[in-house]
Amino acid sequence: MKKLKRVAGFIWLILGPVAVFFLMRTAANEIAAKPSADTWIQWGVFVLVFLPIAFGLSLFGYYAVKGEYDTEV
Amino acid sequence: MKKEQGIWKVITASSLGTLIEWYDFYIFGSLATVIAGQFFPNTNPTAALLSTLATFAAGFIVRPFGALVFGRLGDIVGRKYTFLLTLVLMGGSTFAIGLVPSYESIGFAAPIIVLLLRLLQGLALGGEYGGAATYVAEHAPAHRRGYFTSWIQTTATLGLFVSVGVILLTRHSLDADKQISIAKFNDWGWRIPFLLSIVLVIVSIYIRLKMQESPLFSKLKSEGKTSSNPLKESFGHKANLKMVLLALFGATMGQGVVWYTGQFYAQSFLENVCKIDFDQSRTILIWAIVFGTPLFVFFGHWSDKIGRKWIMLVGMLLAVLTYRPLFQELVVLSDTTQKTEQTAQAKQVTTLTAVPNTGDSVRVVKQTQFFTDGSILHTSTKDTLYADAANTTVKPLVTVSKEVGDGIYWKMVGIVFLMIVYVTMVYGPIAAFLVELFPTRIRYTSMSLPYHIGNGVFGGLTPFVATLLTTIYTGNQLAGLMYPIVVAGVCLVIGSLYLSNKKAIH
């Protein structure tokens, strides 16, 4: 189980930047398709809010890889 | 016996205030379309609605900041005064929204004031829940925390129930004629649910003022062991930060999307995708809530016996597996093309209104079709008849509204009820779970942030992201479900792997 927790940690570590990439790409496509103030505001808010969350997910993955969650929490 | 009476007083006082805060917060979301017309004028109604939804989202996004501000205050000053302050802030903002003049009267100041008040509401809500949950948990015996805190968990759903109920009652009681009453409600009557809030808040403040500080916090304070910097202790120390991250990604993130899909997106889906009329789409939700609410207490109580983890995760699993078939069934049930029409009863009324000085006329064709299962389909088509025969309306405005028969109605209640059951599974035990994850000295701060990111950001944005997805993938009515399914799925895997099955201490 400990090994599985650590290996899965790599997934969460990578999922953070992957999520940011898809978020940025969708935001850019949406803004290009409808370049209005509304679209800018909506996607700007999404990116702003989800960036620190994605960082948190990667940090969670890093802790998992390092074995911080090996013991029952 | 005296101790038992004491805890019920604590629960009543805490729950009532929290219920009112949820009520305040929800009426804005429930009246999004009406408010859009009053404060966010736009020739394109979708854009106006999106503006309001964005405001709705803004309300949710500031919630995590409220969690930090008031969480810190609660861990330094105390639980009682902090969640009293959030109640005043919330009640004041809600009452003020009811007083803001419309865009027609004061121009751009109107939407700006409303936006600011909405942000204040979000800030207050961010501080309220953590305080109420912590306060009740710190009064409850450790082996019954799940049961006692589950009463706080019912308030979010009951707040929605009361808000929808007050809106429907107001909407239908402003005039003997239903249509005139609705028109009055859209014009000025929508303010009543906002103004009513002040009465409820005053009552709740009075009750809360009589309460004592949490015994665990009082003990810490008397021993001089309270935290001087809860933010640093909560998020600056790895030992606690890793628990905050686990709480977010292994529990509250999935819980948030399951909650908002069952309680909000389901109703929005019924109204906007299935085209079920305003009243029915709301009463379906109300019935589902009525039947489902006792299960919060059931699952909270059960979590004291078997642990919190698997009840929450099974709720997420069921949501991931069944959302698509459940929502698909709602589409099928509302699809009138598969029903048998009683053609003899069909009605059609055409009205022509002349456009002054042009010779053109606006034509409105109202068609009503009846079906053997009791369903009724109302279609209204609006176009312009030009005096110059060379002109034609490019695209007539067609609006569709359906009333379903009794059999279909109760089937829909059953489906939404199932979604509410998932909500009760993920949400019933969560307060006890979060409280037990963090130490008393930084509990308010530590549990509030993951709760409000999970619910405010991941959950609160569900209707918005789901609507957005349906505009990107226009051919797929169920495209909006991708968001809650993926988020709940990831949370389910993380929770299964890393969470322990916390049981109450016997």
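Just so it is clear, none of the values below were taken in a lab; they were calculated from the coordinates. Model, not experiment: these values are computed from the prediction. No Cβ is skipped: glycine too gets one built from the backbone with ideal geometry, and neighbour counts run over all protein chains shown.
Measuring nothing but alpha carbons in segment B:238-278 and taking Rh as the Kirkwood radius, the Rg to Rh ratio lands at 1.34.
Computed over all pairs of different Cα atoms, the Kirkwood value for the hydrodynamic radius of segment B:120-254 is 18.8 Å. Charge dipole of segment B:351-436 (Cα centre as origin; +1 on each Lys and Arg Cβ, -1 on each Asp and Glu Cβ, all else neutral): 140 debye, rounded to the nearest 20. Just want the answer: with Cβ charges of +1 for Lys and Arg and -1 for Asp and Glu, which residue in B:P396, B:A479, B:L385 is farthest toward the dipole's positive end in segment B:358-492? After comparing all options, I get B:A479.
Over all pairs of different C-alpha atoms in segment A:1-62, the reciprocal of the mean inverse distance, the Kirkwood hydrodynamic radius, equals 12.7 Å.
Multiplying each eigenvalue of the alpha-carbon gyration tensor of the protein assembly as shown by 5 and taking the square root yields semi-axes of 43, 27, 24 Å, largest first, rounded to whole angstroms. The alpha-carbon atoms of segment B:327-414, seen along their principal axes, cover 54, 29, 19 angstrom, with the largest extent given first.
With q set to 0.10, 0.18, 0.23 Å⁻¹, the log10 of I(q)/I(0) for segment B:70-169, from the Debye formula over equal scatterers at the Cα positions, is -0.38, -0.95, -1.19.
The convex hull drawn around the Cα atoms of chain B, when projected onto a plane and averaged over every direction, covers 26.5 nm². Each of B:S448, B:S102 has some number of other Cβ atoms within 10 Å of its Cβ, and from fewest to most they run B:S102, B:S448. Distance between the C-alpha centres of segment B:83-112 and segment B:234-257: 33 Å, rounded to the whole angstrom. For chain A, relative contact order (Cα pairs under 8 Å, six or more residues apart, normalised by length) works out to 60 percent. The orientation-averaged projection of the convex hull spanning the C-alpha atoms of segment B:449-506 amounts to 5.3 square nanometres.
In terms of other Cβ atoms within 10 Å, B:R72, A:R25 run from fewest to most in the order A:R25, B:R72. Charge tally for B:D177 (other residues, Cβ to Cβ under 13 Å; Lys, Arg +1; Asp, Glu -1): +2.
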